[in-house]
Structure formats: structure tokens, C-alpha cells
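The values are calculated or read from the model by the stated rules, or taken from the named source; none is laboratory data. Just so we're clear, the structure is a prediction, and the values are computed from it rather than from any experiment. Positions of Cβ are backbone-derived with ideal geometry, glycine not excepted, and every protein chain shown enters the neighbour counts. Accessible surface areas use protein heavy atoms only, side chains included; no ligands, DNA or RNA. Shrake-Rupley method; radii C 1.70, N 1.55, O 1.52, S 1.80 Å.
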Amino acid sequence: MTEKKTPVGHGEDATMEQARVLPNDELNQALVANVHPPDWRNPTPAGRYNLVVIGAGTAGLITAAGAAGLGARVALVERHLLGGDCLNVGCVPSKSIIRASRAAFDAGDGDRFGVRGGGGDVDFAAVMRRMRGIRARISANDSARRYRDEKGVDVFLGDARFSGPDTVEVGGQTLRFKKAVIATGARAAALPIPGLADVGYLTNETVFSLTERPRRLAVIGAGPIGCELAQAFHRLGSQVTLFHDHAHILDREDGDAAEIVQAQFVREGVTLELAAQLTAVRREGLDAVLRFRGADGGEHETRVDQILVGAGRAPNVEDLGLEIVGVQADPRRGVVVDDHLRTTNPRIFACGDVSMDWKFTHAADFAARIVIQNALFFGRKRLSALHMPWTTYTDPEIAHVGLYEREAQQRGIAVDTYVRPFAEVDRAIADGEEDGLVKVLTRKGTGEILGATIVARHAGEMISELTLAIVAKVSLGTLASVIHPYPTQAEAIRQVGDMYNRTRLTPTVKRVFNGLMALQ
Ligand SMILES: Cc1cc2nc3c(=O)[nH]c(=O)nc-3n(C[C@H](O)[C@H](O)[C@H](O)COP(=O)(O)OP(=O)(O)OC[C@H]3O[C@@H](n4cnc5c(N)ncnc54)[C@H](O)[C@@H]3O)c2cc1C
């Protein structure tokens with residue numbers, strides 16, 4: 001979404017680069033003024049930093065702020081925009097346009113509620129402008145000045161690279177460190193489809209710069225990013241074809257959950273090309289033509305105006321001088337870390353998308369907290385001790401925490417599964433949101449919750465109750481005794497608890513109860 005970065009003169013800091021985010025309107029200028037101020041001057045490096053942090057996405061920002069708040073002397077280096085992917089080209093812009101796409105969908109969905117006359121006429125430019133306004137507003141939290149003035153962090157704008165055993169080079173300056181953190185994130189991976197690069201395509205880095213709606217859009221990859229954006233663009237009026245190499249969308253999710261979302265995509269009219277192998281892409285006039293082998297084994301073609309690649313993330317491990325400091329990295333898996341987030345160099349840690357399978361903002365946030373303790377206070381905190389929930393923000397959403405049934409099976413853990421479909425939940429029926437479920441896995445014969453999946457319009461808001469139950473070791477039976485206001489969709493969680501409690505009513509317990517009743 002940014003123009004090619006052009007070096008500009010900054011007096012002595014001529015090595016600094018100016019960031020320009022497209023479109024270059026007042027909203028994006030406000031964003032850039034916060035997260036890559038054009039008039040920024042890098043500070044004079046302190047003698048030796050307790051911590052030098054490379055990358056100012058969520059992982060880097062939380063590490064730097066947390067460490068500085070505890071009294072450490074911290075340098076934070078960012079080559080592009082503070083806030084990283086989440087603020088600039090990830091969570092914030094995607095959730096903003098998803099919200100607009102829900103409004104468009106609901107406006108056209110009034111008939112089934114007896115509300116006539118809706119149309120959902122989408123002003124795409126206004127949708128994107130709203131998104132840019134939200135992003136600019138939220139960017140105040142991640143502003144370079146705030147980190148310098150309020151948090152006491154030395155913020156350097158420029159490309160960071162290890163230059164010696166305890167030094168990082170940025171813009172011709174040398175930062176010395178006792179400990180360092182690599183938090184350089186990830187980017188959209190290049191796909192090896194012949195012709196794709198020549199024809200050109202959008203990624204999350206460019207799609208939020210659009211001001212005109214693509215009439216026909218191909219989305220490659222039906223993982224979380226691809227599905228969220230495919231549905232959003234479809235609802236905003238693009239004709240979307242979603243390509244996926246598996247037989248189902250969101251194939252890493254619980255199968256029943258993914259099935260519900262897939263059925264919704266089909267009902268809405270998103271064209272799904274599943275089990276499809278893209279073999280070539282070419283340009284014909286203004287059209288991009290995608291050639292693929294379909295699920296039927298035949299060769300097919302689809303013509304679109306734009307292609308969006310939503311599949312695959314590549315960790316940013318290049319040109320960091322990792323070999324100089326003995327940090328091992330894999331171009332696919334990223335920086336190698338142990339469970340304490342320590343790299344193969346004990347003085348250097350890594351967290352966030354560059355080193356973790358959990359590629360979420362909240363995962364980067366909580367990993368950063370582990371790094372602060374382990375790097376500065378000889379802590380022994382472990383990543384594997386975290387219970388990580390996540391949500392895919394399709395409509396309905398899928399939220400998950402803990403084990404899936406297939407994982408339990410692979411690990412030889414016997415489980416009981418309790419499912420409450422929303423078709424049996426009063427509030428969901430009243431809301432017209434019956435296509436969903438709450439599924440909870442317990443260790444067989446016990447109330448110990450091992451995993452949960454929720455499919456609901458606001459599943460992401462509901463999963464925390466189950467995450468809390470797992471963290472606090474609250475049994476499913478206890479959730480049955482938690483009073484939930486009537487009518488709410490979250491009652492489904494209590495009802496799953498009731499299902500579990502009913503299984504405790506063994507024939508013997510029933511006989512005893514019956515005897516007691518007879519006595520009375
Ligand atoms: C479209 C999309 C939607 C998403 N939606 C969600 C969501 O809803 N919820 C969620 O939890 N997660 C979501 N994510 C994932 C989330 O954005 C990432 O997990 C998160 O941003 C990771 O943070 P990070 O700090 O590890 O990396 P990043 O945010 O990528 O930050 C890394 C930073 O390091 C900088 N950098 C790299 N190399 C250098 C260098 N050599 N010198 C200096 N700086 C450098 C980069 O410029 C970047 O700013 C989404 C991602 C995408 C792409």
C-alpha cells in the first residue's frame with residue numbers, strides 16, 4: 001500500500017527514508033505523521049542499551065514499552081511504519097472494511113425480518129476512507145513521539161542489521177546492546193504460479209490502498225486472510241472467485257465449523273473453486289486470466305480485473321546479519337527459537353510472526369511479555385504455557401481455543417464432545433443467526449475442558465469465557481452454574497455445561513434420586 005520508499009534528505013540523517021502511504025490524502029498523512037514522521041530525527045545512541053528491539057510491530061512495541069517501563073534503556077528500530085502489519089495493513093484496516101461489508105449485507109438482508117426497501121448501495125471510496133480514518137485515529141497509540149516522550153524509548157527509523165556480536169547498525173549509527181530482540185514480522189509469500197508476478201497482484205500490503213472497487217476479484221487462498229477479505233469484497237460489491245487448493249475453505253479449522261462458513265459463502269454467491277490447482281496466469285487486454293485444474297480434473301479459466309493473494313506468510317529474516325550473530329533462521333519457518341523464545345544466540349530473542357506459528361497480534365503481544373521477563377530478569381517463562389485463542393472474522397466468525405478433535409486423536413487423548421447448535425438457542429433464533437454452534441471438548445469422563453470452537457456472528461467476543469475456563473481450570477460442569485442473562489447467544493455455553501452435567505446422572509445416581517423422591 002506504500003509507494004516505493006524514496007530516500008529524502010534529513011540533514012545529517014540523510015539515510016532515513018520517508019514513508020508515503022497511498023492514497024496520499026490527509027488521513028494517510030495523519031497516519032504517517034504518527035508512525036513514520038517525515039521530520040523525525042534519530043536520537044544519538046546511548047552508550048549501551050539493555051535491549052535493542054528490531055521491528056516496531058506489535059511484538060516490538062510491546063517489548064520496548066514493557067522493558068522501558070521497568071527501567072531498561074531501550075532502542076526500538078523500525079524501517080517502515082510503527083504499528084507494523086496489524087495497524088497498517090492487517091487487523092485494523094481489515095476489520096474496518098469487514099464492518100462496512102456487514103452493514104452492506106444487513107442492508108440487503110432486511111426482507112427476512114420483514115424490513116423492506118433495503119438495498120445496500122455501497123460507496124466503496126467512502127468505505128475505504130472510513131477505514132483510513134479509523135487507522136489514522138488508532139495510530140496515535142503507536143506513534144513514534146509517544147514512544148519517545150511518554151515511554152522513554154529511543155526510536156530509530158531505518159533498516160536495522162546486526163553488525164557485530166553486540167551491535168546493530170541503523171542509518172550509519174551503531175547501537176550497542178546487552179540483549180536484542182528480533183521482531184521483524186512476516187510478509188505475504190510469493191506464490192510460484194507461472195505468470196502471476198508479471199500480471200501483478202494485490203496483497204494485504206496494497207489492497208487497503210484501493211479507492212475503486214475491483215468489479216471482478218480473484219482471491220487466492222481460503223485461509224483466514226483470504227476468506228475474510230473474499231467475503232468482505234463480495235459484500236462490498238465485487239464478484240469474487242475464491243481459489244483454494246484444499247477441498248474445503250478454512251481447512252485448518254474444525255470441520256463442522258468451516259462447513260457452516262462455507263455454506264454461508266455459497267448462499268451469498270461467492271464463487272468457490274476448491275481443490276483447484278492454479279497453473280498459469282496471463283494478461284489479456286485489461287483482464288487477468290487465471291488458468292486452473294478444477295476439482296473435476298478439467299482445465300478451466302476465470303477472467304478478473306484484480307487478483308488478491310491471501311495465502312502464505314514469509315518471515316522477514318533476510319538482510320538482518322543473522323549469520324554475524326549466529327542466529328539460525330529458516331526462510332519458511334523463520335527465526336529458530338526455543339520455548340523461552342531464545343534464539344541460537346543466548347543474548348538474542350525473537351517473537352511475533354518472524355518466529356512463531358501463532359501469527360496473531362495477541363500472540364505477539366503475550367510473547368513479547370515472555371521475552372521481557374526472560375531477557376531482562378532471567379525468567380523461565382514458556383510460550384507453550386499460553387492458552388491461545390483465535391478468531392477468523394468471517395460472518396459468521398469462527399473462534400477457537402485449545403485442542404481440535406483431530407489433535408486430541410493424534411495425541412491419543414480420549415475426549416468427550418458436547419455440541420450446542422444455535423438453532424436451539426432462543427436468542428440466536430430471534431436474531432436470525434441460527435447457523436452456528438458451540439462445541440466443547442473435555443477429557444473423557446471428566447469436565448476438564450481441552451478445547452472449544454464457536455461459530456457465531458460474534459464468536460470472537462464469546463470465546464474468552466471458555467479460554468478463562470481453561471486458564472483457571474474451571475470445569476464444564478461449573479459453567480452450567482454460571483448465570484447468563486436471558487436471552488443471549490452466550491447462553492449456549494451454559495447449555496453445553498448442562499449437557500455435561502446430565503451425563504453425570506448415572507443410572508445409580510438416578511436410582512438414588514428416584515428413591516429419595518419416593519420417600520418424600
Ligand atoms: C490482512 C491481515 C489481517 C490480520 N488480522 C488479524 C486479526 O484480526 N487478529 C490478529 O490477531 N492478527 C491478525 N493478523 C496478524 C497480525 O497482523 C500479525 O500477527 C501481527 O502484526 C504480528 O506482529 P509482529 O510484531 O510480529 O510483526 P509485524 O506487525 O509484521 O511487525 C514487524 C515490523 O518489523 C519491521 N522490520 C522488518 N525488518 C526490519 C529491519 N531490518 N529493520 C527495522 N525494522 C524492520 C517491519 O517494517 C514491521 O513494521 C492479520 C494479518 C493480516 C496480513
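Restricting D357, D353, D365 to those that are in a helix (DSSP H, G or I), within 25 Å of V92 (Cα to Cα) and within 16 Å of the ligand (Cβ to nearest atom) reduces the list to D365. F378 falls short on exactly one of the conditions (1) open to solvent by 20 Å² or more (accessible area, probe 1.4 Å); (2) in a loop (DSSP other than H, G, I, E, B); (3) at negative phi, and that condition is (3).
Residue count for the range 437-463, restricted to those that are assigned to a strand (DSSP E or B) and farther than 17 Å from Q495 by Cβ: 3. Among the residues of the range 296-321, those identified as within 16 Å of the ligand (Cβ to nearest atom) and among the aliphatic types (A, V, I, L, M) are I307, L308, V309, A311, A314, V317, L320.
Please state which one of V496, V482, V474, V438 is in contact with a helix residue (DSSP H, G or I) (Cβ under 9 Å, 6 or more places away or on another chain) and within 13 Å of A399 (Cβ to Cβ). Quick ask: steps written out before the conclusion?
Details: V496 fails: within 13 Å of A399 (Cβ to Cβ); V482 fails: within 13 Å of A399 (Cβ to Cβ); V474 fails: within 13 Å of A399 (Cβ to Cβ).
Selected residue: V438, the only one of V496, V482, V474, V438 that is in contact with a helix residue (DSSP H, G or I) (Cβ under 9 Å, 6 or more places away or on another chain) and within 13 Å of A399 (Cβ to Cβ).
Just the residues that are open to solvent by 70 Å² or more (accessible area, probe 1.4 Å) and either free of Cβ contacts under 8 Å to residues at least 40 places away in the same chain or within 10 Å of the ligand (Cβ to nearest atom) (or both), please, taken from the range 329-350. Result: P331, R332, R333, P346. Just one of the listed residues (R420, R427) is assigned to a helix (DSSP H, G or I), at negative phi and surrounded by 14 or more Cβ atoms within 10 Å (Cβ to Cβ), and it is R427. Of the residues V455, V471, V438, the single one that is within 19 Å of A257 (Cβ to Cβ) and either hydroxyl-bearing (S, T, Y) or touching a residue at least 60 places away in the same chain (Cβ under 8 Å) (or both) is V455.
When the helices (runs of 4 or more DSSP H) confined to the range 39-124 are screened for residues that are surrounded by fewer than 24 Cβ atoms within 10 Å (Cβ to Cβ), free of Cβ contacts under 8 Å to residues at least 40 places away in the same chain and under 20 Å from the mean Cα position of the chain (by Cα), those reaching at least 1 such residues are found at 91-107. Give just the number: which of (1) open to solvent by less than 50 Å² (accessible area, probe 1.4 Å); (2) modelled with pLDDT of 95 or more; (3) more than 25 Å from I182 (Cβ to Cβ) does Q29 not satisfy? Of (1) open to solvent by less than 50 Å² (accessible area, probe 1.4 Å); (2) modelled with pLDDT of 95 or more; (3) more than 25 Å from I182 (Cβ to Cβ), only one is false for Q29: (1). Which of the numbered conditions does I413 fail, given that it passes all the others? Conditions: (1) crowded, with 21+ Cβ neighbours inside 10 Å; (2) assigned to a loop (DSSP other than H, G, I, E, B); (3) among the hydrophobic types (A, V, I, L, M, F, W, C). All conditions are met except number (1).
Residue-level analysis places L250 among those that are in a loop (DSSP other than H, G, I, E, B), surrounded by 22 or more Cβ atoms within 10 Å (Cβ to Cβ) and within 16 Å of the ligand (Cβ to nearest atom). In the set (1) surrounded by fewer than 19 Cβ atoms within 10 Å (Cβ to Cβ); (2) in a helix (DSSP H, G or I), the condition left unmet by A408 is number (1). R129 meets each of the listed conditions (1) over 26 Å from the mean Cα position of the chain (by Cα); (2) in a helix (DSSP H, G or I) apart from (1). A472 fulfils the conditions (1) over 27 Å from D357 (Cα atoms); (2) open to solvent by 50 Å² or more (accessible area, probe 1.4 Å) except for a single criterion, (1).
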